[in-house]
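The values are calculated or read from the model by the stated rules, or taken from the named source; none is laboratory data. This is a predicted model, so every value here is computed, not measured. In this analysis, Cβ positions are derived from the backbone assuming ideal geometry, glycine residues included, and neighbour counts consider all displayed protein chains.
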Amino acid sequence: MSEAQMTPREAMDYDVVIVGAGPSGLAAAIRLKEINPDLSVVIVEKGSEVGAHILSGAVIDPIGLDALIPGWREDPDRPLKTLVTEDRFYLLGPSGGLRLPNFLMPPLMDNHGSFVGSLANVCRYLGAKAEALGVEIYPGFAADEILYGDDGEVAGVATGDMGVGRDGLPKDSFTRGMELRGKYTLFAEGARGSLSKQLIARFKLDEGRDPQKFGIGLKELWQIDPAKHQPGLVQHSFGWPLSGGTGGGSFLYHIEDNQVVVGFVVHLNYANPTLSPFDEFQRFKTHPFVRETFAGGKRLSYGARALTEGGWQSTPKLTFPGGALLGCAAGFMNVPRIKGSHNAILSGMQVAEVAARALAAGRGGDELAEYEAGWRTSAIGADLKKVRNVKPLWSKLGTYIGVPLGGLDMWLNNLFGISLFGTLKHGKPDYACLKPLNKVKPISYAKPDGVLTFDRLSSVFISNTNHEEDQPIHLKLTDPSIPVDKNLPLYGEPARLYCPAGVYEIVYGDELKKADPRFVINAQNCVHCKTCDIKDPAQNITWMTPEGGGGPNYPNM
Ligand SMILES: Cc1cc2nc3c(=O)[nH]c(=O)nc-3n(C[C@H](O)[C@H](O)[C@H](O)COP(=O)(O)OP(=O)(O)OC[C@H]3O[C@@H](n4cnc5c(N)ncnc54)[C@H](O)[C@@H]3O)c2cc1C
Ligand code: SF4
């Protein structure tokens, strides 16, 4: 390390430091300032602007926004204007499907009363509200180190150094990172946060809980023929193109301005290493129930992001000395509803209220125990508890038995607050679920047509992903030999397929003989979905924050 990299960092002190300007971090900041405008609150955000790294569906349950900004529905600048008008659920087969009657769906699955729109735009709106209340927001800065105090408590975070070359040495543009010190630090990094992961390990926050489960969600934004646009139409499907043993499904929402969002989620406990979530998504769009929507349309944007699926039984302990986890960093996603933004906002408000009381009592650096003690009996707990068996049933019994049983369990929970199954366990972590190549039937995918279906690189292009190329690779291999020596012979190196951005490749010295393989990391394409950090079977890949401001630049995703 050079002298420049060892110089002490400038430090700034705050009452509360927040990592991540998603719905949870912004809600926490807003609530803190509403309770006490004199509190100093700062947010660091790795995206180039608030919203740049936000990718969601989204059908948004307004319970969170209603609580946080009571007058938002009358605000002319409100980010959500379209209520759900029609709600359809399909079970798909290869050439047809079955529309499930709405009366069969448990009431908690009803999307009427929710809004369709862009969560990134909701965040932009909340960001402006937070700044108006005096919250300092620093987009373009990634928090890449946790600061600890003398007693081992979390004391803040440091942003990464800028202007470091691929060789690890400072360039002419070198700027030392900043220390942001807080009496409390709130980690609102979303699913598989890189610092949250370190905290969970250090403070053993997952002890006694089920392993966290994840899915990868891929999404495109389309401009479609106005004649086909039905604002507020919401469609979900499960079944084809996935096999009965693989969990996941699609979403398709008609938002404003003749735009449609279409997306696909694959549960990351899939077993077949030849499965490619990206190509399953492309294949899904060719289904006869779906493809017509896009005829004559134009794809505007693309992106992908992991989501948490463990819910009630996988939520880690939320607090540790000096800070807390919130939103999807804590795992507050409701899987069957594919909704987490409402709980993200509610968790931000809950932790803010506890932290504000602690600060008013002159505390700091200790544990916000009331937050941990309170969430299971709050609206978040009520939301997650009712659906806690859906994902384990789906994983254990597959789509055709597990999903109907999960539906029955939701009905019983909805009507009588009881479950036939108690609380089921999730089983193995996702990285341990792959079967070796010789135990599976390989899946093959058709070539994209460039009109309805696309390849990874043209897709990444429209995610506006951009990284400074001359910087250390932010995808760290603990053992660089594993991809070629173990993952390739055993699984065909699944990173080539699960990465939705074409970051990982196996390149052969002799392509014809498939000899002399090399593992190549095209880090500049990374859309920060975090799937590699979750699914690598050897847990050999660690996603670290690249230089702040790098990554996708999503518009209204
Ligand atoms: C495909 C998909 C579809 C979904 N559909 C819906 C839906 O229809 N309805 C719904 O309610 N929910 C939906 N969700 C879930 C919803 O998006 C999440 O629950 C919600 O975004 C969680 O909010 P959050 O604030 O916890 O995290 P995020 O929204 O992920 O925000 C985290 C923020 O922190 C930043 N960050 C992370 N790490 C750092 C760091 N170290 N330093 C600085 N900044 C950092 C990120 O850049 C990001 O801006 C969906 C999710 C996906 C992936
Ligand atoms: S490298 Fe990892 S985090 Fe980046 S896009 Fe690929 S799978 Fe996602």
Residue list for region 531-557, restricted to those being charged (D, E, K, R) and out of contact with any helix residue (DSSP H, G or I) (no Cβ under 8 Å at 6 or more places or on another chain):
GLU547
Which of the following residues is within 30 Å of TRP222 (Cβ to Cβ) and at pLDDT 95 or above: PRO494, PRO429, PRO480?
PRO494
Among the strands (runs of 3 or more DSSP E) lying completely within region 500-557, list those that include at least 3 residues that are more than 8 Å from ligand 2 (Cβ to nearest atom).
504-510, 515-521
Among the numbered conditions (1) of a type in the set (Asp, Glu); (2) in contact with a Pro (Cβ under 7 Å, 6 or more places away or on another chain); (3) more than 15 Å from ligand 2 (Cβ to nearest atom), tell me where GLU493 comes up short.
(3)
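Which of the following residues is of a type in the set (Gly, Ala, Ser) and either touching a Lys or Arg at 6+ places or on another chain (Cβ under 9 Å) or away from ligand 2 (no atom under 16 Å from the Cβ) (or both): GLY47, GLY93?
That would be GLY93, the only listed residue that is of a type in the set (Gly, Ala, Ser) and either touching a Lys or Arg at 6+ places or on another chain (Cβ under 9 Å) or away from ligand 2 (no atom under 16 Å from the Cβ) (or both).
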Go through (1) exposed (fewer than 14 other Cβ atoms within 10 Å of the Cβ); (2) at pLDDT 95 or above and name the single condition LEU104 misses.
(2)
Do you know which residues across region 420-464 are in a loop (DSSP other than H, G, I, E, B) and in contact with a strand residue (DSSP E or B) (Cβ under 6 Å, 6 or more places away or on another chain)?
ILE462, SER463
Evaluate region 218-230: report whether one residue or more is farther than 23 Å from GLY51 by Cα, assigned to a helix (DSSP H, G or I) and in contact (Cβ under 8 Å) with a residue 12 or more places away in the chain.
yes
Would you mind finding the one in PHE278, PHE332 that is modelled with pLDDT of 95 or more, in contact with a Pro (Cβ under 7 Å, 6 or more places away or on another chain) and either in a loop (DSSP other than H, G, I, E, B) or not charged (D, E, K, R) (or both)?
PHE278
Please list, ordered by first then second residue, the pairs with beta carbon atoms under 7 Å, 6 or more apart or interchain, first in region 520-532 and within 16 Å of ligand 1 (Cβ to nearest atom), second among the polar types (S, T, N, Q).
VAL527/SER463; VAL527/THR465
State yes or no: is ASP210 within 29 Å of VAL59 (Cβ to Cβ) and either outside any strand (DSSP E or B) or touching a helix residue (DSSP H, G or I) at 6+ places or on another chain (Cβ under 8 Å) (or both)?
yes
Region 174-201 residues that are within 16 Å of ligand 2 (Cβ to nearest atom), paired with ones that are assigned to a strand (DSSP E or B) and among the β-branched types (Val, Ile, Thr) (beta carbon under 8 Å, 6 or more apart):
GLU189/VAL19; ALA191/THR308; ARG192/THR308; GLY193/VAL19; SER194/THR542; LEU195/VAL19; LEU195/ILE146; LEU195/VAL157
Subset of region 470-528, residues under 20 Å from LYS439 (Cα atoms) and of a type in the set (Phe, Trp, Tyr), comes to TYR491, TYR498
Take ILE18 and tell me if it is assigned to a loop (DSSP other than H, G, I, E, B), surrounded by 24 or more Cβ atoms within 10 Å (Cβ to Cβ) and not basic (Lys, Arg).
no
Residue check: is GLY244 over 19 Å from the mean Cα position of the chain (by Cα), part of a loop (DSSP other than H, G, I, E, B), without any contact (Cβ under 8 Å) to a residue 24 or more places away in the chain and farther than 24 Å from LYS530 by Cα?
no
Check whether at least one residue in region 72-82 is in a helix (DSSP H, G or I) and of a type in the set (Lys, Arg), and report yes or no.
yes
Region 342-397 - residue that is part of a loop (DSSP other than H, G, I, E, B), out of contact with any helix residue (DSSP H, G or I) (no Cβ under 8 Å at 6 or more places or on another chain) and of a type in the set (D, E, K, R) and, of those, nearest to PHE421 (Cα to Cα)
GLU367
Just name the residue that is farthest from the chain's Cα centre (by Cα) out of those in region 124-179 that are over 18 Å from GLY47 (Cα atoms), in a strand (DSSP E or B) and among the aliphatic types (A, V, I, L, M).
VAL164
With respect to GLY22, is the statement that it is away from ligand 2 (no atom under 16 Å from the Cβ) and farther than 25 Å from ILE380 by Cβ true?
no
Yes/no for SER314 being at negative phi, in contact with a helix residue (DSSP H, G or I) (Cβ under 7 Å, 6 or more places away or on another chain) and at pLDDT 95 or above:
no
Return yes or no: is GLU45 in contact (Cβ under 8 Å) with a residue 24 or more places away in the chain, surrounded by 24 or more Cβ atoms within 10 Å (Cβ to Cβ) and not hydrophobic (A, V, I, L, M, F, W, C)?
yes
Does region 414-435 contain any residue that is of a type in the set (A, V, I, L, M) and within 23 Å of LEU300 (Cα to Cα)?
no
Only residues that are closer than 25 Å to PRO429 by Cβ, within 16 Å of ligand 1 (Cβ to nearest atom) and not charged (D, E, K, R): list them for region 533-557, please.
ILE534, THR542, TRP543, MET544, THR545
Please pick out the residue among ILE54, ILE60 that is under 22 Å from GLY215 (Cβ atoms) and within 16 Å of ligand 2 (Cβ to nearest atom).
ILE54
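Matching residues to (1) within 16 Å of ligand 1 (Cβ to nearest atom); (2) of a type outside the set (Gly, Ala, Ser); (3) over 25 Å from the mean Cα position of the chain (by Cα):
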| residue | (1), (2), (3) |
| --- | --- |
| TYR302 | yes, yes, no |
| LEU307 | yes, yes, no |
| LEU326 | yes, yes, no |
| PRO336 | yes, yes, no |
| ARG357 | no, yes, yes |
| VAL390 | yes, yes, no |
| SER395 | no, no, no |
| MET410 | no, yes, no |
